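Since the structure comes first, as structure tokens, the remarks are kept for the end.
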Amino acid sequence: MKTVSHWIGGKSVEGASGNWGPVTDPATGAVTTQVALASAEEVGSAVAAAKAAYATWGTSSLAQRTAILFRYRALLDARRDDIAALITAEHGKVHSDALGEVARGLEIVELACGITTQLKGELSTQVSSRVDVAAIRQPLGVVAGITPFNFPAMVPMWMFPLAIACGNTFVLKPSEKDPSAAVLLAELAAEAGLPDGVLNVVHGDKVAVDALLAHPDVAAVSFVGSTPIARHIHATASANGKRVQALGGAKNHMLVLPDADLDAAADAAVSAAYGSAGERCMAISAVVAVGAIGDELVARIRERAEKIKIGPGTDPASEMGPLITRAHRDKVAGYVTGAAAQGADVVLDGTGYTVEGYEDGHWIGLSLLDKVATDSDAYRDEIFGPVLVVLRAETYEEGVELINSSPFGNGTAIFTRDGGAARRFQLEIEAGMVGVNVPIPVPVGYHSFGGWKDSLFGDHHIYGNDGVHFYTRGKVVTTRWPDPADAPTGVDLGFPRNH
């Protein structure tokens with residue numbers, strides 16, 4: 001059986017805790033790999049390696065860092081199929097979707113390659129007689145990332161390339177459910193010339209996470225995952241004096257107005273709700289149909305959903321793969337089987353779906369629930385599976401109030417031909433990312449990703465300008481150099497003058 005080890009100090013390090021976790025092929029249900037689960041001492045070794053590397057990496061030149069990152073980008077591009085294959089084998093998403101994940105991660109590597117312009121700083125000259133003021137940004141030291149199973153390559157690449165470009169060293173704790181992609185990312189970074197210890201990977205469960213949150217040499221923690229864990233990460237790491245960005249869960253809504261192109265809206269709803277088997281924090285999981293269009297919109301969504309081909313991610317014909325684990329598959333199915341009792345119309349029930357020849361895989365079909373109540377489990381909870389709920393609203397205002405009443409505020413979208421309505425929506429809606437006729441408004445790399453309310457804990461969004469600011473801290477330097485012609489003026493106990 002394949003074994004996944006840690007990556008510490010620039011080399012593979014076998015697990016020493018004696019604890020191992022199973023890694024399953026979701027398409028077959030078979031355990032194919034075992035991953036080492038780190039003890040607190042092993043996490044400490046990774047942090048120590050990162051701290052030792054920071055002594056030189058933190059003062060390295062921008063030219064050195066960007067040269068390595070450019071080589072790294074080229075290696076990632078050349079090996080994108082290999083990275084995607086690991087994602088498919090351990091997460092289950094289809095190969096084309098895995099390739100898309102790698103491409104979105106590469107955007108942040110490219111942003112990191114241009115870090116020189118992000119770290120230029122500011123200078124004001126002659127603020128007073130021969131006084132200049134400069135604002136600079138400096139790295140934090142050792143920083144950590146804790147990443148989820150649904151994007152085992154992309155989310156780590158949202159974190160560590162920017163962090164190390166800013167001069168920090170990094171300890172990554174990827175999901176133990178699909179750890180292999182993270183190790184390959186670290187190996188390629190070493191091949192690109194990244195010094196030993198700048199990027200480290202430790203696998204593990206809650207023991208490893210808690211060790212990172214408590215370690216005094218970790219200056220900051222980035223996290224992406226569910227809202228309960230994000231809240232715990234934020235509270236615990238903050239209490240230990242760390243800077244934290246913790247991105248939580250979501251219940252993303254798509255508001256469809258009566259004037260919308262219903263074919264375009266139905267296409268968008270199907271792709272955004274069921275892509276990657278719904279295991280995306282930016283998935284559209286709730287459609288709000290305004291006015292009399294609800295029945296027609298649901299019919300068009302159903303027509304499209306019934307044509308989606310579900311199968312193993314290695315099959316080029318597959319459009320959706322299995323869920324990550326059997327337990328998660330059963331949890332998702334529970335929301336569908338309980339929906340009717342809570343008042344929903346079950347338009348599509350995918351809970352009995354299987355794939356011939358892969359009967360032991362973690363399969364579930366597409367489910368569509370209509371006329372869902374806002375107090376039902378299927379609406380209130382983040383299901384994280386291929387389940388789309390439809391709610392009805394009589395007016396635009398009612399739809400916006402419904403969306404804004406959700407405790408989540410990650411992403412949202414409106415479908416309409418009315419520019420005035422779209423403008424109102426983007427100003428009135430309480431969410432961090434908004435799409436206008438765009439169902440999944442994930443920002444490009446040079447803008448920042450993050451939600452509001454229970455979808456984000458901390459002050460900084462991830463990547464973009466917010467990412468640079470999170471991984472650096474500001475310093476302001478005020479300088480006066482006396483002119484050689486100046487005579488001594490003696491001691492002045494007054495408040496410094498600026499004029």
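The values are calculated or read from the model by the stated rules, or taken from the named source; none is laboratory data. Here the structure is a predicted model, which means the values were calculated and not measured. Using ideal geometry, Cβ is built from the backbone for each residue, glycine included, and neighbour counts are taken over all protein chains shown. For the accessible areas, the whole protein counts, side chains as well, though only heavy atoms, and no ligand, DNA or RNA atoms are used. Shrake-Rupley method; radii C 1.70, N 1.55, O 1.52, S 1.80 Å.
Could I get the Rg over Rh figure for region 367-432? Both from C-alpha atoms, Rh via Kirkwood, rounded to two places.
My calculation puts Rg/Rh at 0.96.
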Over all alpha-carbon pairs of the chain, lay out the pair-distance distribution in 10 Å bins, whole %, shortest bin first. 4, 19, 27, 24, 15, 7, 3, 1, 0, 0
Cβ-based net charge around residue 206, under 13 Å, with every Lys or Arg adding one and every Asp or Glu removing one: -2
Taking N as the number of residues in region 34-104, the ratio of its alpha carbon radius of gyration to 2.2 N^0.38 Å works out to 1.51
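Percentage of Cα-Cα pair distances in region 145-244 greater than 22 Å, rounded to whole percent? Present the calculation step by step, with values, prior to reporting the outcome.
Numbers: 1198 of 4950 pairs.
Tail fraction, whole percent: 24.
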Excluding ligands, DNA and RNA, the carbon-plus-sulfur percentage of the accessible area of the chain with a 1.4 Å probe reads 53 percent
Note down the accessible area of residue 39, probe 1.4 Å, to the nearest 10 Å². 30 Å²
Can you give me the Kirkwood hydrodynamic radius for region 196-340, using every pair of distinct Cα atoms, in Å to one decimal? 18.6 Å
Net charge near residue 119 (other residues with Cβ under 13 Å of its Cβ; Lys, Arg +1; Asp, Glu -1) is +4
Using the Karplus curve 6.51 cos²θ - 1.76 cosθ + 1.60 with θ = phi - 60°, work out ³J(HN,Hα) for each residue of region 115-121 in order, rounded to whole Hz, and write x for Gly and Pro. 5, 4, 6, 6, 10, 5, x
Amide H of residue 221: which non-local residues (sequence gap of 5 or more, or other chain) have their own amide H closer than 5 Å, using H built in the peptide plane? 144, 243, 244, 245
Shape call for region 336-459, from the Cα gyration tensor axes a ≥ b ≥ c (a/c under 1.5 means rounded, otherwise prolate when a/b beats b/c, else oblate), comes out prolate
Pairwise Cα inverse-distance average, inverted: Kirkwood Rh of region 140-195 (Å): 11.4 Å
Mean Cα-pair separation over length for the chain, i.e. relative contact order, pairs under 8 Å, 6 or more apart, %: 18 percent
Per q in 0.12, 0.13, 0.17, 0.18 1/Å, what log10 I(q)/I(0) does a Debye calculation on the alpha-carbon atoms of region 60-169 return? -0.51, -0.58, -0.84, -0.90
Can you tell me the accessible area per residue over region 240-341, all protein chains present, probe 1.4 angstrom, in square angstrom? 33 Å²
Hull volume per residue for region 281-376, using the convex hull of the C-alpha atoms, in Å³ is 121 Å³
Find the eigenvalues of the gyration tensor of the Cα atoms of region 196-254, then list the square roots of 5 times those eigenvalues as equivalent ellipsoid semi-axes, largest first, in whole angstrom. 23, 14, 11
Give, as a single signed number, the net charge of other residues whose beta carbon lies under 12 Å from the beta carbon of residue 141, with Lys and Arg counted +1 and Asp and Glu -1. +3
With x for Gly and Pro, the residue-by-residue ³J(HN,Hα) of region 247-261, computed from phi through the Karplus equation 6.51 cos²θ - 1.76 cosθ + 1.60 at θ = phi - 60° and given in whole Hz, is 8, x, x, 7, 9, 7, 9, 10, 8, 10, 7, x, 8, 5, 6
HN-Hα J in Hz across region 437-450 - Karplus 6.51, -1.76, 1.60, θ = phi - 60°, x for Gly and Pro: 6, 10, x, 10, x, 6, x, 5, x, 8, 10, 9, 10, x
Distance check, please: which entries in 2/177; 206/475; 177/331; 173/251 exceed 24 angstrom between their Cα atoms? 206/475; 173/251
Which percent of Cα pairs goes in each bin when the distances of region 331-403 are cut into 10 angstrom slices starting at zero? 19, 47, 24, 8, 2
Can you say what percent of the DSSP beta bridges in the chain, counting only those with both residues inside, are antiparallel? Round to 5. 40 percent
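Can you tell me the accessible area per residue over region 400-499, all protein chains present, probe 1.4 angstrom, in square angstrom?
59 Å²
Just tell me, in residue order, which DSSP H segments of the chain are both 15 angstrom or longer along the helix axis (alpha-carbon based) and at least 0.0 in mean Kyte-Doolittle hydropathy.
Span-like helices, by this rule, are 40-57, 62-78, 80-90, 95-113, 154-165, 180-191, 227-239, 262-274.
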Could you sort 325, 33, 354 by accessible area so the largest value comes first, with the probe set to 1.4 Å? 354, 325, 33
